[in-house]
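Note sheet for the following structure.
The values are calculated or read from the model by the stated rules, or taken from the named source; none is laboratory data. Quick caveat, the model's predicted, so the values are computed rather than measured. So basically every Cβ, Gly included, is an ideal-geometry build from the backbone, and we count neighbours across all protein chains shown. All accessible areas refer to the heavy atoms of the entire protein, side chains included, with ligands and DNA or RNA removed. Shrake-Rupley method; radii C 1.70, N 1.55, O 1.52, S 1.80 Å.
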Amino acid sequence: MTEPGPWQQPPAGTPQQQPQYTQQYLQLQHAQPYAQPPAPGTALSHTHNYWAHPAPAPARKKVRGRGAKVTNIILLCVLALVTLVTLVFFALSIGVNVFLVCGALALIPLTICVATLMWIDRWEPEPLTALALGFCWGAGMAVITTLVVGSWVQPLLMNGSTAEGDTVGAVIQAPLVEEFCKGAGVLLLFFLRRRTFDGPIDGVVYAGMVAAGFAFTENILYFGQALQEAQGAPAGILGIFVLRGLMSPFAHVMFTATLGVCVGWAARYGGTWTVVGAWAVGLVPAMLLHGLWNGSAFLGGSFFIAYVVLQVPLFVLFIVGVILLRRSEAKLTRTRLSEYVPSGWFTPQEVPMLATGGGRRRALTWSKTFAAAATMKEFIRLATRLAFTRQRLLVDSRGHAQGRIAAGQELEMSLLNKITAVRSNLLGQHAAATWHAQQAQQVLLAQQQYRQPPY
């Protein structure tokens, strides 16, 4: 059993001083740095003295924050109920048998979208309850709101217009109303999950889940309408399924994700009003892309040319953008964690291990050799959360948001203590596995010596 090889050193120019808001805690932690052996979390040592230090006691759970959790649970239940009622209503409208067939087909693009979003979210996974809330908003509340608001907006757009109602509805009314209703869910998630809404990738994931839910319900309606028009013939639904389910499963996700990127960027670098302004700005590209896609459906035989020339490059650009955003998250994680090295919370070797994809893979491979993969995953998760918490603290300190700074400081110290405890547990598991391996080897050597014939 071996430990991971030498990790790359942190880049030159790493900050060597903690910001002002952490000095009081660091002074308490290092008031007498040479009066006693280093404890876990302040220095990494493989001597026997290291294991004599107990892990810090877990922080007591605060009563504060329970109200927010209860609110999230109640809202999730309400939105889930709205989604269920919406689906039941549509099932009764188009027929239960048709609904079941169309629902099964709609699950295919939904699975593709959700699996892709979960892959994008691997670096710092979002809470499953938040993702479920976003999906329920899109599949239920956003659909109902779109139908109600759309019935008011389209007559206003048609007033004095000579254009056909279908064209106005698809190219103007649908993008305006649908993206606004989906975007409202993204903004709601920001206010409900501000602590976990850390950047553009989070915006992509949250917005994508809202859009995936909306597309799921909308696909059922479109598939059902096509099946009814074809009088139940399977060929009648094939074309719309290929177009919406296979050629463009990410259409709604891509539209709303542009808004999510704007909100996520503002959440990382700005305050509440910056986020609201970014949300309003993000609606513009979301609506334009949606209108462009719907408008291409009226090109007739030129649709496939527009699809290849315009839509495919836009999708490729979206993929490249997501890759670049994921790299920026890794870079930010490394930068923020490096700032804890001078104070001893992390070693220079741990930072690239926790903040690079290759480092994480090697660390997990090493931890699996002594059955500690779950502990290593928790270590990585907490360290990533700490990096984004520190980023928010730095932003809030510039905006003088005293209330959020105090809550952020409390969360930061809680994460640091948890990281220290998890590290102690991880290295303890490694030491125990090493000891057992040595004992087994000694027993094996003794047995071999016993079996050797005397001379």
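For residue 347 and residue 324, the difference between the fully extended length at 0.36 nm per residue and the C-alpha to C-alpha distance is 5.5 nm. Label sites at residue 132 and residue 107, each approximated as a point 7 angstrom past Cα along Cα to Cβ, lie 1.8 nm apart.
Counting Lys and Arg as +1 and Asp and Glu as -1, each charge on the Cβ, what is the dipole of segment 353-406 about the Cα centre in debye, to the nearest 20? Dipole about the Cα centre, nearest 20: 140 debye.
3J(HN,Hα) along segment 144-151, derived from phi through the Karplus expression 6.51 cos²θ - 1.76 cosθ + 1.60 where θ = phi - 60°, amounts to 4, 5, 4, 5, 6, 5, x, 5 Hz, with x in place of Gly and Pro. Segment 403-454 and segment 275-299 have their alpha-carbon centroids 52 Å apart. Rounded to the nearest 0.05, the FRET efficiency derived from the C-beta distance between residue 316 and residue 448 at R0 = 56 Å is 0.35. Candidate cross-link partners of residue 182 among the aspartates and glutamates, defined by an alpha-carbon separation under 18 Å and a same-chain spacing of 8 or more, comprise 202, 218.
Residue by residue, what Karplus-based ³J(HN,Hα) values in Hz, rounded to whole numbers, does segment 369-385 have, using 6.51, -1.76 and 1.60 with θ = phi - 60° and x for Gly and Pro? Rounded to whole hertz, the list is 5, 10, 6, 10, 4, 5, 5, 5, 4, 5, 4, 5, 5, 5, 5, 5, 4.
Packing, as the average of other Cβ atoms within 10 Å across residues, places the peptides 256-265, 317-326, 105-114 in the order 256-265, 105-114, 317-326, highest first. The residues of segment 189-266 expose, per residue, 32 Å² of accessible area to a 1.4 Å probe. Phi-derived couplings, Karplus 6.51 cos²θ - 1.76 cosθ + 1.60 at θ = phi - 60°, listed residue by residue for segment 202-219: 4, x, 4, 5, 5, 5, x, 5, 4, 5, 5, x, 4, 5, 4, 5, 5, 4 Hz, with x used for Gly and Pro. A straight chain from residue 304 to residue 230 at 0.36 nm per residue would run longer than the Cα-Cα distance by 24.3 nm.
Note on residue 115/residue 374: beta-carbon distance plugged into 1/(1 + (r/R0)^6) with R0 of 22 Å gives a FRET efficiency of 0.45.
Legend: calculated FRET efficiency, residue 364 to residue 242, from the Cβ-Cβ distance at R0 = 60 Å, rounded to 0.05, equals 0.90.
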